[in-house]
Amino acid sequence: MNFRLEAKNVLFLAAFAIVAYALLKVLDAEKHLGEINATFAIGAIVLYFASILLWNLAWGIMAGMNWKESIKAAFYSQIGTITPFAVGADYLRGRYAKGRKGKFTDGLAASFASKFYKILISLAFSVVAVGIILSKYEHLRYSIVLSLAIPAGLLFVLYFFTKNYGAKLLAKFSMQKVSEKNAKEFSKSLSEMVGKPKIEVLGLLSFSLAFEFIAFLLSFFAFGVNLANFEGYLVFVILFYSSKINLIPQGIGITEIAGIIVLRDTAALSLVAAALLLWGIVRIWAPLLISGAYILAMKKRI
């Protein structure tokens, strides 16, 4: 399961460097770096990685893997997240499942189904948050309902697109060949997994989303910005969609721009920029470094 350092990966690194420079210099975030609360920052990293592990446990249940193999897959597939829509990670999970006497198409379909469910759960929580907000701020009714209609539409588009064209999308972005037989098996498995959700899978993904949300809050708490309210959850959902449903790997740049726009009146832009920079480290670089350290440690034991 090797991924070459191709041009798109180099561009990803360059994009993050540009975004980091813009946040630090243009928005003057660097003046707040000395004010960071290390406890909150470390807590954010731990909880975010815990959300990844929970997500992979849900994936493992659908792919027919035991919990130990599901956890290991989390480490080995992390490098694939720096591809558009993170389809590289989906491919690696499929290969991992196949290498553990499972089926490539089942591992692949389970990965797409887990993404679908997590988006669906985030949308369900958003509806609850919107209902509570509307009871207090009636003037926000139309703008918030519109903001929910867009991700709801994306959700169903994602399902039908994945079911019918997911294999071709995977082949294009992961630079791997997918046979017509595998494409049909993938479509069938995905349809079955999405059509028959398991309670334990939904539970694990709900906790995964909750941990990710708390990690998001802690990234802002680290700089004294408090988003612990229902409006804060909607901000999280907006950034969640901007990073997950995006041709740009991990939504680099798009997520930061979205964060600055929706949080411009919450705190000083320099503080928001510093928190967004930390959030980028928490959701992208920390998991890559943790996974890399684990893989190196495992290789030394062999």
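Read-outs: derived from the displayed coordinates by stated rules, not from any lab. As the structure is a prediction and not an experimental result, all values here were calculated from the model. No Cβ is skipped: glycine too gets one built from the backbone with ideal geometry, and neighbour counts run over all protein chains shown.
Ordering of 256-268, 51-63 by packing is 51-63, 256-268, highest average first (other Cβ atoms within 10 Å, averaged per residue). Pairs with C-alpha atoms separated by more than 26 Å, drawn from the list Lys118/Lys300; Lys188/Lys299; Lys115/Lys188; Lys244/Lys299; Lys98/Lys184; Lys98/Lys300, are Lys118/Lys300; Lys188/Lys299; Lys244/Lys299. The peptide list 70-77, 109-116, put in order of mean Cβ contacts within 10 Å with the highest first, becomes 109-116, 70-77. Per-residue packing, averaged as other Cβ atoms within 10 Å, sorts the ranges 187-194, 35-42 into the order 187-194, 35-42, beginning with the highest.
Relative contact order for region 243-302: 20 percent, from Cα pairs under 8 Å spaced at least 6 residues apart, divided by residue count. Once you compute Rg and the Kirkwood Rh from C-alpha atoms, what is the Rg to Rh ratio for region 42-109? Checking Rg against Rh, the ratio lands at 0.98.
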